[in-house]
1. Once you charge only the Cβ atoms, +1 for Lys and Arg and -1 for Asp and Glu, what is the size of the charge dipole of the chain about its Cα centre, to the nearest 20 debye?
2. So if each residue of separation counts as 0.36 nm, and I subtract the Cα-Cα distance between Arg211 and Ala117, what length gain in nm does that give?
3. Any chance you could run the full-extension gain for Ala91 through Thr136? It's 0.36 nm times the residue separation minus the Cα-Cα distance, nm to one decimal.
4. Excluding Tyr291 itself, calculate the net charge of residues whose Cβ lies under 9 Å from the Cβ of Tyr291, where each Lys or Arg counts +1 and each Asp or Glu counts -1.
5. Counting only other residues whose beta carbon sits under 12 Å from that of Thr39, what net charge do I get with K and R as +1, D and E as -1?
6. Name the residue farthest towards the positive end of the dipole of the chain from the options Gly85, Leu195, Val11, assuming +1 on Cβ of Lys and Arg, -1 on Cβ of Asp and Glu, about the Cα centre.
7. So what's the convex hull volume per residue for the Cα atoms of segment 1-89, in Å³?
8. Which is the longest stretch in the chain that no exposed loop site breaks, taking sites as trypsin sites (Lys or Arg not before Pro) with a DSSP loop state and at most 13 other Cβ atoms within 10 Å?
Amino acid sequence: KWPKQVTIKEVGPRDGLQNEKAFISTKDKIAWINQLSKTGLTYIEITSFVHPKWIPQLADAAEVAANIEKIQGVTYAALVPNLKGLERALAAGVDEVSVFMSASETHNRKNINKSIAETFPVLQEVVIQAKKVGKTVRGYVSTVFGCPYEGSIDVEQTIKVADKLFEMGIDELSLGDTIGVANPRQVQEVLEQFLKRFPKEKLAMHFHNTRGTALANVLASLEMGITTFDSALGGLGGCPYAPGASGNLATDDLLYMLDGMGIATGVQMELLVKAALFIQEKIGRKLNSHYLQTLNES
Ligand code: HMG
Ligand code: MG
């Protein structure tokens, strides 16, 4: 009924830290990523090469990417919005890049300052140049399940964006519930449409847990055969250009559920918790994942 194995893509150092008020020092970011590398995670989104004025928390992207200790078997990825971002990412030696845009016209503009139509050629160039140097490219589409500005988003609109991104040559698409409004029924309805067009191996789900539905949405996705999930340790995160966006699905909560269900991930809870406690201390507040709270209380 459920897949035997799932890949967890840790986005905490990017999606998590981009929305934290505290600026985590470059040294602490590097130390945290080095700890994450040893947990058994095979994919870490370490930063983003966006405009530092737009995301000051990740202004040190180049230094972070260039100074982490890379471990074999772990893919170190970063978000890039355009060619300038790609150049910076390649110079810093990232393994993989992710392009991103929104299914919502308004969120797209607020987040990357372009209409959807204007975004396609920009991302197309990034994909072409990244492929030229042999990089895998991931795509993200945001606000799939709802937009903070426009409300509900038609699945046809999301599919139009997805079609374009796959035509460009992206290798995988992550479907984002940017502000955490999705429910399991909606997830299955959207996935039903997607799976008619795209193989399940090329899709990932990116849930935020704003309203507590993220794990339920993971279960709904597992039932549809999806095996890749994005999450952020401790439930850090959110998009600063999506009002109301809060923490990502917490990696530790996800792992607790998958471990209990006998679904293999290769990630070790003990080491994950150590890494969570490290970043919790640096951030200076209790992280809000359920799993960590059971430890914080004891
Ligand atoms: P813009 O101002 O329209 O950019 O911003 P521009 O192309 O007009 O260039 C203006 C200046 O910025 C130029 O400098 C460029 O060189 C510079 P000047 O010539 O004036 O000196 N510039 C850059 N500098 C450094 N790195 C770059 C870069 N690009 C241009 N990459 C831009 C457009 C996309 C750059 C801006 O809007 C931006 O950086 N946005 C970032 C927004 C962001 O990071 N949001 C959060 C991530 S998305 C998310 O969280 C959702 C997700 O998690 C999935 C989900 O949950 O749904 C992925
Ligand atoms: Mg996100």
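1. 340 debye
2. Details: separation 94, 0.36 × 94 = 33.84 nm, distance 3.12 nm.
Stretched fully, the Arg211-Ala117 segment lengthens by 30.7 nm.
3. Numbers: separation 45, 0.36 × 45 = 16.20 nm, distance 1.58 nm.
Result for the pair: 14.6 nm of gain on full extension.
4. Details: positive: none; negative: Asp252, Asp253.
With Lys, Arg at +1 and Asp, Glu at -1, the net is -2.
5. Numbers: positive: Lys38, Lys274; negative: Glu10, Asp252, Glu270.
For residues surrounding Thr39, the net value is -1.
6. Gly85
7. Details: hull volume 10.5 nm³, N = 89.
Given the Cα convex hull of segment 1-89, per-residue volume reads 118 Å³.
8. Details: sites that count: Lys1, Lys4, Lys21, Lys53, Arg285, Lys286.
Formally, the longest exposed-site-free interval is 54-284.
Read-outs: derived from the displayed coordinates by stated rules, not from any lab. Computed from a predicted structure; not experimentally measured. No Cβ is skipped: glycine too gets one built from the backbone with ideal geometry, and neighbour counts run over all protein chains shown.
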